[in-house]
Amino acid sequence: HPEVAFAGRSNVGKSSLLNKLFNRKALAKVSSVPGKTSTINFFSVDDVDFVDLPGYGFAKVAKSEKARWSELIEGYFNQERRFALVVSLIDIRHPATDLDVGMVEFLSETGLPFIIALTKADKLSNMQRGKQVAALRKQLRLPKDHVVIPCSAEKGTGIDELRKRIEEAVS
Ligand code: GDP
């Protein structure tokens, strides 16, 4: 089955976005321990395997926990898989973190098909939103035509486009 993976730092809004995208409440479980590396969660919808990668970069997490995250993620990406798309989630309000930049660099270098979903877009005005999209594009050194979708799990912004991009990638 083709695989679509979702990656982003802890608290970026990944669970909320997945729940919105699949019209399910609490499909993606919210960990009771913030920043605790859990497991990679897989779920299948219509012959597509969706992969919920554990969030990275929680500030208060021990080194051993960070190492465990890296191992888990590297193990995942190093296996032979049918990657249709990786959706890299980044908070629209702030500059990308070093780990966000690292993730995007990794995806670019490995040539994996990926798009960027900028989360929590409802927290910005339209004007701020446009500015942040441009700033993040520049920071992440994305080509002009690279897909970047401002999203809001709260307001539903960008969800249809995200769904469309996923459908295109798996078909
Ligand atoms: P995860 O750790 O990446 O799975 O993040 P969560 O989905 O658990 O969300 C983290 C926090 O951000 C929660 O307090 C959510 O209510 C909030 N949040 C998530 N998505 C949105 C959004 O689109 N808009 C707003 N305003 N808040 C959001």
For region 124-132, what does the Karplus curve 6.51 cos²θ - 1.76 cosθ + 1.60, with θ = phi - 60°, yield as ³J(HN,Hα) per residue in whole Hz, taken in order and with x for Gly and Pro? 10, 6, 4, 5, 4, 4, x, 5, 5
May I ask for log10 I(q)/I(0) of region 122-162 at q = 0.18, 0.20, 0.27, 0.29 Å⁻¹, from a Debye sum over the Cα atoms as equal point scatterers with solvent left out? -0.55, -0.66, -1.01, -1.06
Semi-axes a, b, c in Å (a largest) for the chain, each sqrt of 5 times a Cα gyration tensor eigenvalue, come to 22, 19, 17
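Which entries in Lys66/Lys120; Lys20/Lys164; Lys14/Lys131; Lys66/Lys123; Lys144/Lys164 show an alpha-carbon gap greater than 18 Å? Let's see the in-between values first.
Details: Lys66/Lys120 25 Å; Lys20/Lys164 14 Å; Lys14/Lys131 23 Å; Lys66/Lys123 29 Å; Lys144/Lys164 20 Å.
Too far apart for the 18 Å limit: Lys66/Lys120; Lys14/Lys131; Lys66/Lys123; Lys144/Lys164.
Accessible area per residue, 1.4 Å probe, Å², for region 97-171: what's the number? Present the calculation step by step, with values, prior to reporting the outcome.
Numbers: 4420 Å² over 75 residues.
Computed with neighbouring chains in place, this is 59 Å² per residue.
Relative contact order (percent) for region 3-170, with alpha-carbon contacts under 8 angstrom and 6 or more residues of separation? Don't skip to the end; give the middle numbers.
On the way: 261 pairs, mean separation 41.7, N = 168.
For region 3-170, the relative contact order is 25 percent.
For Cα pairs less than 8 Å apart in space and 6+ apart in sequence, what is the mean separation divided by the residue count of region 80-146, i.e. the relative contact order in percent?
On the way: 61 pairs, mean separation 28.4, N = 67.
It rounds to 42 percent for region 80-146.
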Got the relative contact order for region 34-103 handy, in percent, Cα pairs under 8 Å and 6 or more residues apart? 26 percent
Through the Karplus equation 6.51 cos²θ - 1.76 cosθ + 1.60, θ set to phi - 60°, convert the phi angles of region 140-149 into ³J(HN,Hα) values in whole Hz; use x for Gly and Pro. 8, 6, 8, x, 3, 8, 5, 6, 10, 10
Which of the GluC sites (Glu not before Pro) across region 32-132 are loop residues per DSSP, with 10 or fewer other Cβ within 10 Å? Glu80
Given backbone amide H placed at 1.01 Å from N, residues whose amide H is under 5 Å from that of Ala5, ignoring those fewer than 5 places away on the same chain, are Val51, Leu85, Val86, Val87
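Accessible area of the chain with a 1.4 Å probe: how many percent of it is carbon plus sulfur? Kindly include the intermediate steps, with their values, before the conclusion.
Working: 4840 of 9680 Å².
Whole-percent figure for carbon plus sulfur exposure: 50.
The values are calculated or read from the model by the stated rules, or taken from the named source; none is laboratory data. Values in this document were obtained by computation on a predicted structure and should not be read as measured data. Don't worry about glycine lacking a Cβ; one is built from the backbone with ideal geometry, like all the others, and counts go over all protein chains shown. We work out accessible area using only protein heavy atoms, side chains counted, and drop any ligands, DNA or RNA first. Shrake-Rupley method; radii C 1.70, N 1.55, O 1.52, S 1.80 Å.
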